[in-house]
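Engineer: Would you mind keeping the following structure in view while I ask a few things?
The values are calculated or read from the model by the stated rules, or taken from the named source; none is laboratory data. Note that the coordinates shown come from a computational prediction; the quantities given were computed from them, not determined experimentally. Methodologically, a virtual Cβ is constructed for each residue, glycine included, from the backbone with ideal geometry; neighbour enumeration extends over all protein chains shown. Keep in mind that these areas ignore ligands, DNA and RNA; they rest on the heavy atoms of the full protein, side chains included. Shrake-Rupley method; radii C 1.70, N 1.55, O 1.52, S 1.80 Å.
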Protein chains: 2
Amino acid sequence: MKIDPKSSADLSAQIAKAIRDAIVGGEMIVDERLPSETELCDQFDVSRSTVREALKRLAAQNLIRTQRGATGGAFVRRLSYDEAQAQHVTTSTLLLSMNAVDFETACEARFALERACAPLSAERRTPDNLATMRAEIHRQGQPGLSDERFCDSDVAFHRALVDGAGNPVLSYQLAGAVEAMQPLMNMITFTQRNRDQIINLHTQIADALEAQNGVRADTALAELSDYTLTLGRQAMEARANRAK
Amino acid sequence: MKIDPKSSADLSAQIAKAIRDAIVGGEMIVDERLPSETELCDQFDVSRSTVREALKRLAAQNLIRTQRGATGGAFVRRLSYDEAQAQHVTTSTLLLSMNAVDFETACEARFALERACAPLSAERRTPDNLATMRAEIHRQGQPGLSDERFCDSDVAFHRALVDGAGNPVLSYQLAGAVEAMQPLMNMITFTQRNRDQIINLHTQIADALEAQNGVRADTALAELSDYTLTLGRQAMEARANRAK
DNA sequence: AGTGTTTAATTGTCTGACATTTTAAATCGC
DNA sequence: GCGATTTAAAATGTCAGACAATTAAACACT
């Protein structure tokens, strides 16, 4: 691990990169201890503040964890699915909001991804997954449910659908994408009629998955995609009119 | 933005979280300047080192950029598609390697995602996308190409396929997933026969997309998925035998 | 008006100190 | 000898103050 003192970049960034490369490149294994801050000072020939700033950068990326005390220090951290997904959601949410991605693009991406796992989910969904879907459908029908809670339940429903595929990597990728969509979905006002139609389609999807009929699940998802797109367009129009 | 001095967590982590929430929550817009380090010291009532460590955490997540000099400071950074994707790739790669995700799971996820955009790509692919695919197919047939370069070209081919859907959000999600798979793919040794078969399927996919035939593209992708899975299984077995 | 020069603001780095936390060793009492 | 307590050591977390480097604006001079 070497750094270039002549480089214009910040020293702390260079050091972070050097250590990150070592971790990502497999030179350090999970739970292995990094040299102490003082030792890193000697290795890179910089002050402790600089080393610490570098370590904080790595900590922010969930690459290391630190422990205080005699046997403490910085340790290579195992990235869990949950953490990875949380990071994915944060990144995606920010990307969507900062780049003013329109509803249609995001919605299309979301349903395209979800349809990707419909066949797998039809094949492998567990009774647990089905129960979750049914429970969320029931919740969606409750009177007096706020739009925001309705969206929460919608996300939970789709999460169960995705988990039904029994592929944790797929779940991580898709759940991140679906969750990131939520702020956009929250701009929609769901009338009772809208909700009834969505619940109807959710039921069709759950039924199809229970019957292990991938094609029917896909068809219902396609319909749900179209319907959501329509609702989104209406919401955008209403918003545009209000702005006038 | 407030922090809790009684909390056990690191002050720098709390401060980073407070600022992050403000940015993600839309309280600060792109290119807006954060208070200077000294001002933040006063606001949060901590020392400058602590503030700096917090800012480095945010910089590591691409949330801010810093500039030196008179009109310098920390600014909210616009997250670009490329950066978001790079982050996604890093996270996914690390997740796969650290959790010893097996080839089959990753491969299944990858192709399920790719098949998600086949219909859209068939509908919208540009002549540019098609040209890229043809060029990569040609490259894949060149004699003397190393396995690694072959994989690179494979990724480029699929990247063009995904981009063909004309949905940047989808591209970001999928390209990240596909690229993260590459280290696993690189463990495979591609014989001439393997390559011929893959090139054949790639050609079928390109032909189907050119003809705007989504179903045929999907079929070819499914076949490619099965074939890649088989190759991966063989590679894993060979590796297991060598280990004995 | 144009052109250097100074100055002020801001981040980047260094040094040294002290606080806090945690473990391991040393000590003490029995 | 052994258990309990105390002490010491190692490590991260925080603070304070200084200086370096960079940049843009204000200023002075021609």
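Let's see how each residue does on (1) at pLDDT 90 or above; (2) more than 16 Å from DNA strand D (Cβ to nearest atom); (3) not assigned by TED's automatic domain parsing to the domain that holds residue A:185:
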{"residue": "A:25", "(1), (2), (3)": "no, yes, yes"}
{"residue": "A:31", "(1), (2), (3)": "yes, no, yes"}
{"residue": "A:35", "(1), (2), (3)": "yes, no, yes"}
{"residue": "A:38", "(1), (2), (3)": "yes, no, yes"}
{"residue": "A:43", "(1), (2), (3)": "yes, no, yes"}
{"residue": "A:50", "(1), (2), (3)": "yes, no, yes"}
{"residue": "A:54", "(1), (2), (3)": "yes, no, yes"}
{"residue": "A:62", "(1), (2), (3)": "yes, no, yes"}
{"residue": "A:117", "(1), (2), (3)": "no, yes, no"}
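Engineer: Now for a separate question. Out of all the residues in region B:187-199, which are assigned to a helix (DSSP H, G or I) and in contact with a helix residue (DSSP H, G or I) (Cβ under 9 Å, 6 or more places away or on another chain)?
Structural biologist: Step one: filter region B:187-199 for residues assigned to a helix (DSSP H, G or I), giving B:192-199.
Hits for region B:187-199 are B:194, B:195, B:197, B:198, B:199.
Engineer: Against the condition over 20 Å from residue A:13 (Cβ atoms), open to solvent by 60 Å² or more (accessible area, probe 1.4 Å) and in the same structural domain as residue B:235 (by TED's automatic domain parsing), how does residue B:102 come out, does it pass? Steps first, please.
Structural biologist: On the way: over 20 Å from residue A:13 (Cβ atoms): yes; open to solvent by 60 Å² or more (accessible area, probe 1.4 Å): yes; in the same structural domain as residue B:235 (by TED's automatic domain parsing): yes.
So residue B:102 passes the test.
Engineer: Determine whether residue B:33 is surrounded by 15 or more Cβ atoms within 10 Å (Cβ to Cβ) and among the basic types (Lys, Arg). Break it down into steps so the answer makes sense when it comes.
Structural biologist: Details: surrounded by 15 or more Cβ atoms within 10 Å (Cβ to Cβ): no; among the basic types (Lys, Arg): yes.
When the stated conditions are applied, residue B:33 does not pass them.
Engineer: How do the pairs read when you match residues in region A:35-54 that are of a type in the set (Ser, Thr, Tyr) with residues anywhere that are near DNA strand D (Cβ under 7 Å from one of its atoms), using Cβ under 9 Å and keeping only pairs 6 or more apart or on different chains?
Structural biologist: Matching pairs, first to second residue: A:36/A:72; A:36/A:73; A:36/A:74; A:38/A:48; A:49/B:49; A:49/B:53.
Engineer: I'm trying to understand the selection: among the residues of region A:5-20, which are farther than 14 Å from residue A:77 by Cα and either away from DNA strand D (no atom under 13 Å from the Cβ) or not polar (S, T, N, Q) (or both)?
Structural biologist: Residues satisfying the conditions are A:5, A:6, A:9, A:10, A:11, A:12, A:13, A:14, A:15, A:16, A:17, A:18.
Engineer: Output the residue which, of all residues in region A:205-244 that are of a type in the set (Val, Ile, Thr) and open to solvent by less than 90 Å² (accessible area, probe 1.4 Å), is farthest from residue B:112 (Cα to Cα). Write out each step before concluding.
Structural biologist: Applying the first criterion (of a type in the set (Val, Ile, Thr)) to region A:205-244 yields A:205, A:215, A:219, A:228, A:230.
Next, only the ones that are open to solvent by less than 90 Å² (accessible area, probe 1.4 Å) stay: A:205, A:219, A:228, A:230.
Numbers: A:205: 19, A:219: 17, A:228: 23, A:230: 26 Å.
Filtering region A:205-244 for residues that are of a type in the set (Val, Ile, Thr) and open to solvent by less than 90 Å² (accessible area, probe 1.4 Å), the one farthest from residue B:112 (Cα to Cα) comes out as A:230.
Engineer: Test of understanding: among A:51, A:46, A:24, which residue is surrounded by 14 or more Cβ atoms within 10 Å (Cβ to Cβ), among the β-branched types (Val, Ile, Thr) and more than 14 Å from DNA strand C (Cβ to nearest atom)?
Structural biologist: Going through A:51, A:46, A:24 in turn, the sole match is A:24.
Engineer: Would you check which residues across region B:112-129 are among the hydrophobic types (A, V, I, L, M, F, W, C), more than 9 Å from chain A (Cβ to nearest Cβ) and within 22 Å of the chain's Cα centre (by Cα) and list them? Break it down stepwise before answering.
Structural biologist: Taking region B:112-129 first, the residues among the hydrophobic types (A, V, I, L, M, F, W, C) are B:112-113, B:116-118, B:120, B:122.
Filter again for more than 9 Å from chain A (Cβ to nearest Cβ), leaving B:118, B:122.
Hit for region B:112-129 is B:118, nothing else.
Engineer: Which one is farthest from the chain's Cα centre (by Cα), of the residues in region A:57-72 that are open to solvent by 10 Å² or more (accessible area, probe 1.4 Å) and within 13 Å of DNA strand C (Cβ to nearest atom)?
Structural biologist: So the first thing to find is which residues in region A:57-72 are open to solvent by 10 Å² or more (accessible area, probe 1.4 Å), and the list is A:57, A:59-62, A:65-71.
From what's left, within 13 Å of DNA strand C (Cβ to nearest atom): A:57, A:65-71.
Numbers: A:57: 21, A:65: 22, A:66: 25, A:67: 28, A:68: 31, A:69: 34, A:70: 37, A:71: 35 Å.
So, considering only residues that are open to solvent by 10 Å² or more (accessible area, probe 1.4 Å) and within 13 Å of DNA strand C (Cβ to nearest atom), the one farthest from the chain's Cα centre (by Cα) is A:70.
Engineer: Are there any pairs with C-beta distances below 8 angstrom linking a residue in region B:59-85 that is in a strand (DSSP E or B) to a residue that is hydroxyl-bearing (Ser, Thr, Tyr), with the two at least 6 apart or on different chains, and if so which?
Structural biologist: Every condition considered, the pairs that remain are B:73/B:36; B:73/B:66; B:74/B:66; B:75/B:66.
Engineer: I've got another one for you. Can you tell me which residue among B:22, B:109, B:60 is within 13 Å of chain A (Cβ to nearest Cβ) and closer than 30 Å to residue B:230 by Cα? Quick ask: steps written out before the conclusion?
Structural biologist: Numbers: B:22 fails: closer than 30 Å to residue B:230 by Cα; B:60 fails: closer than 30 Å to residue B:230 by Cα.
Residue meeting the stated conditions: B:109.
Engineer: Working only within region B:106-127, note down all residues that are open to solvent by 30 Å² or more (accessible area, probe 1.4 Å) and in contact with a helix residue (DSSP H, G or I) (Cβ under 8 Å, 6 or more places away or on another chain).
Structural biologist: B:108, B:115, B:119, B:123, B:125
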